[in-house]
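Working notes for the structure below.
The values are calculated or read from the model by the stated rules, or taken from the named source; none is laboratory data. Since the model is a prediction, treat every value here as computed from it, not as a measurement. In this analysis, Cβ positions are derived from the backbone assuming ideal geometry, glycine residues included, and neighbour counts consider all displayed protein chains.
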C-alpha cells in the first residue's frame with residue numbers, strides 16, 4: 001500500500017455542541033480545571049506553607065507542558081466546538097491558562113508541520129522555526145537540555161505576527177489580543193501580590209521548557225526525509241491516556257488531522273508501513289526521552305564520514321539520505 005493511499009477515518013457526531021466527538025468534553029473540562037488550578041494557586045499562596053506551594057508550583061510546570069502538548073495541540077488540528085464563538089472563547093481561555101497566545105502557538109505549530117523538524121540549508125535556516133537541528137552544529141541536533149531551556153528565549157512574536165498578518169489580519173488581531181489578556185492577567189496578579197508573581201514566574205518558565213523538552217524527543221531520531229518517520233512515537237499507555245495520545249507523534253505528523261481518539265486505530269492501520277519506514281519508538285514518555293535505553297548518539301556527521309570539513313550543504317544532503325533501521329537505536333549510512 002502506498003503511503004498516499006491511506007484512508008483516514010474522520011470522526012463524526014450528532015452533537016450540536018462538539019464538532020467531532022463528545023469525547024472532546026474531556027479536554028475541555030480539563031482546561032477549565034487547569035485554569036481553576038492556576039487561579040487557585042494565587043488564592044492559596046498567602047494561606048499555605050511555602051514547601052507546599054513549591055510542590056503545587058512544580059505540578060503547575062508539568063501542567064503547562066501537559067496542556068500545550070495535549071489539549072492545546074489537539075485543538076489546533078481539530079477545534080472542539082461547532083460554534084466559532086465557542087472556539088474563539090476557548091482559544092482565549094487557553095491563552096490565559098498556558099501563558100501564551102493560542103493563535104500564535106497555532107502559527108508556530110503549522111510552520112513546524114511545514115518543515116517537520118527539517119535540517120538547516122546552506123544559510124543555516126530551517127523552514128520549521130523550532131526545528132531541533134536549527135541551532136545544532138555540523139548538521140547534528142542541538143543538545144536536548146540546551147534546546148529545552150533556550151528555546152523559550154528564542155521565541156519571536158514579531159515574526160509570528162508578520163506571518164499571521166500576511167495570512168489573515170483578523171487572526172493577527174485576535175492573536176495580539178490573546179497576548180494582551182495573558183500579560184494583563186499576570187500584571188493584575190502582580191499588582192495584587194507581587195510576591196506571588198516572583199514565585200510563579202520560575203515555574204512558568206520551567207513549564208514551557210518542559211514543553212520544549214517534550215517536543216525535542218518527539219523528533220530526535222526521526223527521519224526528515226521519510227514522511228512516515230518524521231516523528232518519534234511513544235506508546236506508553238498511561239502517558240497517552242493523560243496526554244490525550246500525544247505519544248503517537250510519528251502517526252500525527254504523517255496525518256495531522258487524525259483525531260486524538262483515533263490515533264491507536266490509525267497506528268494499527270499503518271503499522272506494517274511504519275516498520276518498513278523505520279519509525280523510531282521510545283519506551284518512556286517524550287519528556288523523559290533521555291531515559292530511553294536506545295537514545296541515538298548526537299554524533300556530528302563529520303566525525304563518522306570519511307573526510308573532514310564537510311560543507312553544510314553536503315552534511316544536509318548526507319543526513320537526508322540516512323535511514324533509521326527498524327528496531328535500531330542508531331542511524332545507518
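Quick notes
- Scanning region 293-308 for residues that are within 18 Å of residue 223 (Cα to Cα) and at pLDDT 55 or above yields a total of 6.
- Test: residue in region 218-229 that is under 14 Å from the mean Cα position of the chain (by Cα) and under 18 Å from residue 70 (Cβ atoms): yes
- Total residues in region 178-190, condition surrounded by 13 or more Cβ atoms within 10 Å (Cβ to Cβ) and farther than 17 Å from residue 157 by Cα: 4
- Residue in region 266-287 that is in a loop (DSSP other than H, G, I, E, B), out of contact with any strand residue (DSSP E or B) (no Cβ under 7 Å at 6 or more places or on another chain) and within 20 Å of residue 6 (Cβ to Cβ) present: no
- Taken over region 131-161, the criterion of being buried (at least 20 other Cβ atoms within 10 Å of the Cβ) and at positive phi is satisfied by 139 alone.
- Being touching a helix residue (DSSP H, G or I) at 6+ places or on another chain (Cβ under 9 Å) and either in a helix (DSSP H, G or I) or more than 26 Å from residue 172 (Cα to Cα) (or both) holds for only one residue in 33, 93, and it is 93.
- If you go through region 19-30 and keep only what is in contact with a strand residue (DSSP E or B) (Cβ under 9 Å, 6 or more places away or on another chain) and in a helix (DSSP H, G or I), you end up with 24, 25, 28.
- Selection within region 228-241: residues that are in contact with a helix residue (DSSP H, G or I) (Cβ under 7 Å, 6 or more places away or on another chain) and part of a helix (DSSP H, G or I). The member of this set that is nearest to residue 140 (Cα to Cα) is 229.
- All positions within region 197-227 that are more than 21 Å from residue 148 (Cα to Cα), in contact with a helix residue (DSSP H, G or I) (Cβ under 6 Å, 6 or more places away or on another chain) and either at pLDDT 95 or above or surrounded by fewer than 15 Cβ atoms within 10 Å (Cβ to Cβ) (or both): 197
- Which numbered condition residue 175 fails, given (1) within 17 Å of the chain's Cα centre (by Cα); (2) buried (at least 23 other Cβ atoms within 10 Å of the Cβ); (3) modelled with pLDDT of 95 or more: (1)
- Qualifying residue in region 250-272 (condition: under 19 Å from residue 62 (Cα atoms) and in contact (Cβ under 8 Å) with a residue 24 or more places away in the chain): no
- Taking the criterion of being over 29 Å from the mean Cα position of the chain (by Cα), under 14 Å from residue 39 (Cα atoms) and in a helix (DSSP H, G or I), the only residue of region 189-201 that qualifies is 192.
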